[in-house]
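Chemist: Shown below is the structure under consideration.
The values are calculated or read from the model by the stated rules, or taken from the named source; none is laboratory data. Just so it is clear, the structure is predicted and the values come from calculations on it, not from any experiment. Here the Cβ is made from the backbone with ideal geometry for all residues, glycine too, and neighbour counts use every protein chain on show.
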Amino acid sequence: MEYKDYYQTLGVAKTASEEEIKKAYRKLVRKYHPDVSKEADAQAKTQEINEAYGVLGDAEKRTAYDELGRGHQYRAGQEFRPPPDWGRGFGGGGGQGAAGQGGFGGVDSDFFSDLFANFGGGGSRRRQPPQRGDDSHATLTIDLADSYHGATRNISLTVAERDAQDRIVTRERNLSVNIPKGVTAGQQLRLSGQGQPGAAGPGDLYLEIQFRADARYRLDGRDVYQTVPVAPWELALGGEIEVTTPSGKVNVTVPAASQSGRKLRLRGRGLPGKEAGDLYLLLEVVLPPATSDKARELYQTMARELAFNPRAGG
């Protein structure tokens, strides 16, 4: 049997705290979850992570595992056999390990089974408590305005489950999701009990927020940048213009003698939140087309009388 270095599996030091171990486990679970990972071995990797946390996430199992390695330099993959009756005398464990954190099923490992066959005394493997179902992950795409005002969206998910004949079947499940004001891209909404079913109750569903692509807007944290088309005379002469923003229509003043690319800042009109972001309006000149005799005449008059050369001095 090959030795497994659980610390190496989770990528933590042997001196790692309980919180550091939990943080590393959660990070790896998100990375290799079969619903989101593109890795070919995501399922196998997930089982290894689950097994490692099942030991290191349980204080008594971790103590027993460390005690076994004390005074030895076992390396991952090294031929290994635990001493006879090892594990007797340690407590019954009692921690849920990875299963209690929404893991991907029970531990199925020769190394784990042999290592903890006598754990807690009595010479027989402890009976595993009922497991919660797996957590599920999905992406929810919303409009930018949904973050400004909040919204309710109906989503449809394809879920796998076992039928009465213990066969894996898929079905559609419809859910109503409340989108809170101020939600940001990459934020996850947790729907408790909407994950995969399990003997100890279902897991949770995590929806990662994405904004629908819109050429008018660019996001930087909670700040929003919006491109606003303006006429040449609005830039040159200045004045008040009406702009439709994600939060609604506003009137803004364009300073006289502005140039295309000028940025106007509207404080607190970015994404809502405890500290709301700002809205930046980027002025972009749009020229009237010279498609009529009148338009061409006006352009010709401007060319004669203004004597303007935009490349002068360049």
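Chemist: Does the stretch 42-64 contain any residue that is assigned to a loop (DSSP other than H, G, I, E, B) and modelled with pLDDT under 70?
Modeler: So far as the stretch 42-64 goes, no, none of its residues is assigned to a loop (DSSP other than H, G, I, E, B) and modelled with pLDDT under 70.
Chemist: Now, a different point. Within the stretch 277-304, which residues are out of contact with any strand residue (DSSP E or B) (no Cβ under 9 Å at 6 or more places or on another chain) and hydroxyl-bearing (Ser, Thr, Tyr)?
Modeler: THR291, SER292, TYR299, THR301
Chemist: In addition: Name the pairs whose Cβ atoms lie under 8 Å apart, with the first residue in the stretch 289-303 and within 18 Å of VAL230 (Cβ to Cβ), the second assigned to a loop (DSSP other than H, G, I, E, B) and of a type in the set (Phe, Trp, Tyr), and 6 or more positions between them or separate chains?
Modeler: Partner pairs satisfying both residue conditions: MET302/PHE308.
Chemist: Okay, moving on. Does the stretch 293-306 contain any residue that is farther than 19 Å from ALA256 by Cβ, modelled with pLDDT under 95, part of a loop (DSSP other than H, G, I, E, B) and not charged (D, E, K, R)?
Modeler: The answer is no; no qualifying residue exists.
Chemist: Further question on the same structure: Working only within the stretch 10-47, note down all residues that are closer than 18 Å to ASP66 by Cα and surrounded by fewer than 18 Cβ atoms within 10 Å (Cβ to Cβ).
Modeler: GLY11, ALA13, LYS14, THR15, ALA16, SER17, GLU18, GLU19, GLU20, LYS22
Chemist: Could I ask something else about it? Look at the stretch 219-261 and say how many of its residues are without any contact (Cβ under 8 Å) to a residue 60 or more places away in the chain, more than 30 Å from HIS33 (Cα to Cα) and under 21 Å from the mean Cα position of the chain (by Cα).
Modeler: Residues that pass the stated criteria total 1.
Chemist: I'd like the full set of residues that are closer than 30 Å to ARG218 by Cα and touching a Pro at 6+ places or on another chain (Cβ under 6 Å), limited to the stretch 151-203.
Modeler: Scanning the stretch 151-203 gives LYS181, GLY182.
Chemist: Out of the stretch 150-181, which residues are acidic (Asp, Glu) and either in contact (Cβ under 8 Å) with a residue 12 or more places away in the chain or part of a strand (DSSP E or B) (or both)?
Modeler: The answer is GLU161, GLU172.
Chemist: Suppose the filter is on the phi > 0 side of the Ramachandran plot, small (Gly, Ala, Ser) and surrounded by 12 or more Cβ atoms within 10 Å (Cβ to Cβ); does GLY238 pass it?
Modeler: So GLY238 passes the test.
Residue-wise test of (1) modelled with pLDDT under 90; (2) surrounded by 10 or more Cβ atoms within 10 Å (Cβ to Cβ); (3) closer than 29 Å to ASP278 by Cα; (4) among the β-branched types (Val, Ile, Thr).
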position: ASP143; (1), (2), (3), (4): no, yes, yes, no
position: ASP146; (1), (2), (3), (4): no, yes, yes, no
position: GLU161; (1), (2), (3), (4): yes, yes, no, no
position: GLU172; (1), (2), (3), (4): yes, no, no, no
position: VAL183; (1), (2), (3), (4): no, yes, yes, yes
position: GLY201; (1), (2), (3), (4): yes, yes, no, no
position: LEU207; (1), (2), (3), (4): no, yes, yes, no
position: ALA213; (1), (2), (3), (4): no, no, yes, no
position: ASP220; (1), (2), (3), (4): no, yes, yes, no
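Chemist: Need the failing condition index for MET302 against (1) loosely packed, with under 10 Cβ neighbours inside 10 Å; (2) farther than 30 Å from ASP146 by Cα; (3) assigned by TED's automatic domain parsing to the domain that holds ILE241, just the number.
Modeler: Just one mismatch for MET302, condition (1).
Chemist: Could you tell me which residue of the stretch 129-141 is surrounded by the most Cβ atoms within 10 Å (Cβ to Cβ), considering only residues that are polar (S, T, N, Q) and assigned to a strand (DSSP E or B)?
Modeler: Applying the filter and picking the extreme gives SER136.
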